[in-house]
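Working notes, structure below.
Every read-out reported here was derived from the displayed coordinates using simple, explicitly stated rules and does not represent laboratory data. Computed from a predicted structure; not experimentally measured. No Cβ is skipped: glycine too gets one built from the backbone with ideal geometry, and neighbour counts run over all protein chains shown.
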Amino acid sequence: MSATDSLKQHPGLIPPPEEFIKNAAISGMDAYYALCAEAEQDYCAYWSRLARKHLAWQKPFSVTLDESNAPFYKWFEDGTLNVSFNCLDRNLENGNADRTAIRFESDDGEVTSISYRELHKKVCELANGLKSLGVGKGDRVVIYMPMAIEGVAAMQACARIGATHSVVFGGFSAKSLQERIIDAGAVALITADEQVRAGKTLPLKAIADDALANGGCESIRKVVVYRRTGGAVDMDVTRDIWLHDLMANQSSECEPEWVSAEHPLFILYTSGSTGTPKGVQHSSGGYLLWAALTMKWTFDLKPSDIFWCTADIGWITGHTYITYGPLAVGATQIMFEGVPTYPDAARFWKMIEKHRATIFYTAPTAIRTLIKAANAEPAMHPGQFDLTSLRLLGSVGEPINPEAWMWYYKNVGGARCPIVDTFWQTETGGHMISPLPGATPMVPGSCTLPLPGIMAAVVDETGAELPNGQGGLLVIKRPWPSMLRTVWGNPDRYRAGYFPEELGGTTYLAGDGAIRDKDTGYFTITGRVDDVLNVSGHRMGTMEIESALVAHALVAEAAVVGKRDATTGEAICVFVVLKRSRPAGDEAKQIAKELRDWVGKEIGPIAKPKEIRFGDNLPKTRSGKIMRRILRVLANNEEVTQDISTLENPAILEQLKQAL
Ligand code: WT7
């Protein structure tokens, strides 16, 4: 029996449509297993073959993988290439010059299209402009931009001149922006006058001014400002320059800076379980290889596709599946400035209908929000729109619950489109575990099987592999090309956080729990095993939020835990002890509001706690350690069944059970 046939025997599996299998890049499970076997047999030969086939090299590499300084792996290191050349020039040469690269829809519905030729020109002009400011290879450039073609162009322009970009999501505060600028040691900042979302503007330039004025950002020599709205901004004539002025009179050709495959393409900050956000550093060659390959494998991208990833370029999903992956394979994509619920909750469906999108990639939290809206108001139901252009759906960022999966499958995909539930992380650069749409039979709620060449496993605390059916830690046993290379400026944190000694020092620890199905071997992600929360697919460190809270004058102590939430997956719940007596009634509500706003200002609106509870104290062990696992139980309004005999002050639990 073939592998495909044997999987078909399992009840509950949803096979991909025959038509899809027939035309897919990886067609059928036997093709999937053949690729896995190729990787298993000769790992380096496998990756070498793919890297030669899917990327354009200026100078080919001779060594595929250098493990001599593990876990600081090097891929294709003596090969040279340019990422922007691969994304743009390659498309001018292969007949895609006049193809639409990006069809951008603004918050208010205005559409702007740009061809590969035009995007190439824009990127070259901006790259030359940056060079004229003295920005060059190895410099860091922070990008604090709204969703805009210019945001993609800014990233590509950095890649073109060998500058390493660090995009900071537009929803982060001045303080968060400042911290990232300082950590990256950036020489330039690219921002916009304002960002527009759901009809409201956010003054990005003013926030950036704040960040720079706070001190510590002296490394920034120039600030480039994209005019999005024309709203009022203060321009410091010695430091600030309009993006259109910078680009004017620049040559529309810019010779790419050829860099080693290991050259840092970007740093992207993400939350960990301890301390400040870490700068996840990605490479040029290995990263781009996987961005391009997963476009072809997971998304089965064809020339006729209209691809739409709804993520923001401020997150890894936007980096890999807006800025780099789609352009590297010459796709036509939709880019959206706004939010799914404006002007109403049918915005996504209207946009799919209008642009005839064929591949749609979004987050479970968005799906759950739109399910609620469709239930409340029939006019918002996807069934009201012509979504027949769709042929493939994707999910990313958090576990998708089977109910949301089925709704997405039936109502958006018309029970015709496979769903790729893609598990990956900022650190992995691209998809790690996901169904292949023309091969893998699907199970709602499971991300199924690792992509060919990704050696994922479930292990215990000692690194021993667990049998199927037993939950444990998700690891990846061998390095892969698009993995992070280090934590910017902090190699010890890279080693300790991702390659712990207990697991042997060379096994990548994802930070998620996972379990494999007894019969199929399919992976299901059970959630983070560290102090990282996932709120609406946004990753938040509990420690960061705690530090922000204790920086408030009223707060003596704070503990942050995750609480289950039907829409956002997890919600932030905080337990606070004030320096004064425990507040009650209206006063408690007012202080809670003040603290929420405070966190919003310190970190960004995405970190605002959903719930705040006040206590005279927090549950602690006799050695003074806060027992967060008990707080988690309380936050979820469950009965405490754990052993509390080691608690110093069990009486406090009654007080903390009560929500405001
Ligand atoms: C964390 C990574 C992946 C890019 C966007 C988020 C969770 C991500 C899935 C999925 C279950 C998922 C994990 C992971 N996660 N995708 N398909 N199923 N969980 O990147 O901000 O680095 O967050 O998101 O917990 O560790 P990120």
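Observations, loosely collected:
- Net charge dipole, the chain: roughly 380 debye, given to the nearest 20, about the Cα centre with Cβ charges of +1 for Lys and Arg and -1 for Asp and Glu.
- Note on the chain: antiparallel DSSP beta bridges, both residues inside, total approximately 60 percent of the bridges counted.
- Calculated over the stretch 320-442: convex hull of Cα atoms, volume per residue (Å³): 112
- Taken over the stretch 1-110, the ratio of Cα radius of gyration to 2.2 N^0.38 Å equals 1.53.
- Bins of 10 Å from zero: percent of alpha-carbon pairs in the stretch 179-269: 14, 38, 35, 13, 0
- Its residues counted as N, the stretch 415-557 yields a C-alpha radius of gyration over 2.2 N^0.38 Å of 1.18.
- Rg(Cα)/(2.2 N^0.38 Å) for the stretch 476-582, N = residue count: 1.37
- Lys, Arg +1 and Asp, Glu -1 on Cβ, resulting dipole of the stretch 510-564 about Cα centre, debye, nearest 20: 220
- In terms of surrounding Cβ atoms within a 10 Å radius of their Cβ, R160, R117 rank from fewest to most as R117, R160.
- Using every pair of separate Cα atoms, the Kirkwood estimate puts the hydrodynamic radius of the stretch 251-356 at 16.0 angstrom.
- Residues listed by number, the stretch 490-530, amide nitrogen under 19 Å from E67 label point at 7 Å toward C-beta: 495-496, 498-510
- Computed over neighbours whose Cβ is under 15 Å from that of G471, the net charge equals -2, Lys and Arg +1, Asp and Glu -1.
- Legend: ranking of residues S260, S176, S219, S581 from fewest to most surrounding C-beta atoms inside 10 Å; resulting order S581, S219, S260, S176.
- Sorted on the mean count of surrounding Cβ atoms within 10 Å across their residues, most packed first, peptides 31-42, 193-204, 362-373 read 362-373, 193-204, 31-42.
- H244, H431, H538, H381 arranged by Cβ crowding within 10 Å, fewest neighbours leading: H244, H381, H538, H431
- Using distinct alpha-carbon pairs, which all enter the 1/r mean, Kirkwood radius of the stretch 130-249 in Å: 14.0
- Between A157, I207, V224, the Cα set farthest toward the positive side of the dipole of the stretch 155-240 (charges on each charged residue's Cβ, about the Cα centre) is that of A157.
- Using every pair of separate Cα atoms, the Kirkwood estimate puts the hydrodynamic radius of the chain at 25.7 angstrom.
- Farthest toward positive dipole pole in the stretch 600-639 [+1 Lys/Arg, -1 Asp/Glu at C-beta], among N636, I626, P605: I626
- Positive dipole terminus of the chain, leading residue within Y287, A592, V123 (C-beta point charges): A592
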